[in-house]
Amino acid sequence: MRRAGQMPEGDITSVAEPVPPAPEANGKFRNGAAAVAAHPTTLNLPSLMAKLEEHPFNPAPESHLIDLHRPMETPSEEFRSLRTKLNYMQTLQSLHTVVVTSASPAEGKSFTAMNLALAESHLAENSVLVADFDLRRPTLHNLLQLDRSPGISDYLMGEAPLEKVIKRITGSNLYFMPAGKPVKNPLELLNLREVKVPLDELHTAFNWTFFDTPPLLFSADANLIAAITDGTILVVRIGSTTIDTIARAVQSLNENNVLGVVANGARAGELYSKYTYYYSKKEEA
């Protein structure tokens, strides 16, 4: 896959941790966390979509997002190229839910996830959801200048219905799901069976759903979500991410479907001077 634009992200201070045991039958975690309210086993998506709140597209000035009203400006071209590759892959396999992550912090995963979602949403009748599953250090709500809560964590804890969590961007095919309020147990929340219900059904309402997750080598969150989605895009930063780090990140995915690599922050010609070997191997795979 081709390179994307450049935007720094904040550091993540959490350390890697093992996947926790599933909740016990009584709905409580073995570590004593509070029980989570019951969720429906299926979703009435047509009814839900009719109830969604709309918000204007008002990105932060420093966000470097594709302008919905001027989609031909930089960095649109690179993301349109990514869009073309993904849409072609979708004709070859069932591909609707995609994790966008990185090996380490500050490589541009959130910037990539949001701009790729924007690029896809420019196509007619192409409904796209971008969801901030980085419950540790979410940034997507800041890019769009929207509230962080209610969001995913609120839904999983039974404190907000899904129709209050998903927002529609006015006049577009783009929908957004923020991370929600801060929680002390993000990995435990993501390990709940309630996560799988919307993931299994969202493809009936959205042609694409992109999940921004924490970096692969700093928590197990991305691995958990990648295991129940259709594929993963790995974002790397030219001049920062090493081949060894990329290899460790891909290995951590336990052979889940890695769709490709986005090289972020590259100059013309630099991509092939530093990453030729890795990309040639990806093309042969």
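The values are calculated or read from the model by the stated rules, or taken from the named source; none is laboratory data. Computed from a prediction, not measured in an experiment: that's the story for all the values here. Every residue, glycine as well, gets a Cβ built from its backbone with ideal geometry; the counts of neighbours run over all protein chains shown. Keep in mind that these areas ignore ligands, DNA and RNA; they rest on the heavy atoms of the full protein, side chains included. Shrake-Rupley method; radii C 1.70, N 1.55, O 1.52, S 1.80 Å.
If r is the Cβ-Cβ distance from residue 50 to residue 147 and R0 is 25 Å, what FRET efficiency results, to the nearest 0.05?
E between residue 50 and residue 147, to the nearest 0.05, is 0.70.
Ignoring ligands, DNA and RNA, please state the percent of accessible area on the stretch 107-159 from carbon and sulfur, probe 1.4 Å.
41 percent
With every protein chain kept in the model, how would you rank 141, 96, 64, 203 by accessible area, 1.4 Å probe, largest at the top?
Largest accessible area first, the residues go 64, 203, 96, 141.
Based on the mean of other beta carbon atoms within 10 Å per residue, what is the order of 185-194, 231-240, most packed first? Before the final figure, lay out the partial values.
Values: 185-194: 19.0, 231-240: 21.4.
Ranking the peptides 185-194, 231-240 by packing returns 231-240, 185-194.
Write down the Kirkwood hydrodynamic radius of the stretch 101-186, to one decimal in angstroms, obtained as one divided by the mean of 1/r over all alpha carbon pairs.
13.4 Å
Sorted by packing (mean other beta-carbon atoms within 10 Å per residue), highest first, where do 49-57, 108-116, 173-181, 79-87 land? Don't jump to the answer; show the numbers that get you there.
On the way: 49-57: 12.8, 108-116: 27.9, 173-181: 23.1, 79-87: 18.3.
Highest mean packing first, the order is 108-116, 173-181, 79-87, 49-57.
For residue 240 and residue 81, what is the calculated FRET efficiency with R₀ set at 25 Å and r taken between the beta-carbons, to the nearest 0.05?
Efficiency for this residue pair is about 0.70.
Please give the FRET efficiency for residue 170 paired with residue 93, using the beta carbon to beta carbon distance and R0 = 25 Å, rounded to the nearest 0.05.
0.15
Testing the spin-label approximation: label points 7 Å from Cα along Cα→Cβ at residue 251 and residue 185. State their distance in nm.
3.2 nm
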